[in-house]
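All of the numbers you see were taken from the coordinates with simple rules; none came from a lab. It should be emphasised that the depicted structure is a prediction, and the values quoted were computed from it without experimental measurement. As a convention, Cβ positions derive from the backbone with ideal geometry for all residues, glycine included, and neighbour counts pool all protein chains shown.
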Amino acid sequence: MNNRMKNQFMSTRGNLFIVSAPSGAGKSSLISALLKDKPSDKQVSVSHTTRQPRPGEIDGQHYHFVSVEQFKALIAQNAFIEWAEVFGNFYGTSKTVIEQTLAQGIDVFLDIDWQGAEQVKKLMPYAIGVFILPPSKAELEQRLTGRGQDSQAVIDSRMAQAVSEMSHYSQYEFVIVNDDFDSALADLSAIIRSQRLTCASQQHTHNDMLVDLLAD
């Protein structure tokens, strides 16, 4: 990368994407596949959590692992753009980390539910929401069953939760139906690309060029 291209990249502010979906819709797989392409200009936000690390998890890479006391101190400092307590553990997204990453020209993806999305939108209304839907309830249940990890009671609970989650799809700017994985991935990639081609983004990226083009 030459110096002009490097400076141009660094002057471009990244986009903040909120990606939500019911369990089994393929959200995590789509994000992982997307990040394999040019991973230097996009990343998933690393959340803070009070739960204990699982085998293989690395602090700062998978999560920022903190104590309950540290987490509550961060809440008091308004350090999170969104946070929640899930099954006795706290999870939160750092506003400072998000802003620093976006300022470097890196797109950031928040893998959160609709409630977290509402919190983020209040503080960062420029965030772009993407909701992933399964093609049908039958297909969603088949995917959950195919994992072979949960009992039928757990699957029934997840299906009920999925219906509640999916009822909020209209609160998002974009909706992708993950019927065919490759097509869904192409759709997600197109959304990312389109946001980099908005007038505001292009003005920011190509400011010097535009000044030259419009000079008398």
Checked region 71-193 against the a/c 1.5 cut and the a/b vs b/c comparison, axes a ≥ b ≥ c from its Cα gyration tensor; verdict oblate
Length gained, residue 182-residue 51, 0.36 nm per residue minus C-alpha separation, equals 43.8 nm
So the FRET efficiency between residue 189 and residue 145, C-beta based with R0 = 30 Å and rounded to 0.05, is 0.55
So residue 208 and residue 136, fully extended at 0.36 nm per residue minus their Cα-Cα distance, gain in nm 21.0 nm
Region 117-134 and region 175-206 have their Cα centres apart by a whole-number Å value of 15 Å
Extension length gain for residue 76 and residue 198 (0.36 nm per residue less Cα distance), in nm, is 40.3 nm
Check: in region 13-120 the Lys pairs 8 or more apart or on separate chains whose Cα atoms fall under 22 Å apart number 5
Counting only residues 5 or more apart in sequence or on a different chain, those whose built amide H sits under 5 Å from that of residue 64 are 47, 48, 49
Under the 7 Å Cα-to-Cβ spin-label approximation, residue 36 and residue 123 lie apart by a distance in nanometres of 3.3 nm
Quick shape check on region 1-150: root eigenvalues a ≥ b ≥ c of the Cα gyration tensor, a/c under 1.5 is rounded, otherwise prolate if a/b tops b/c, else oblate, and it reads oblate
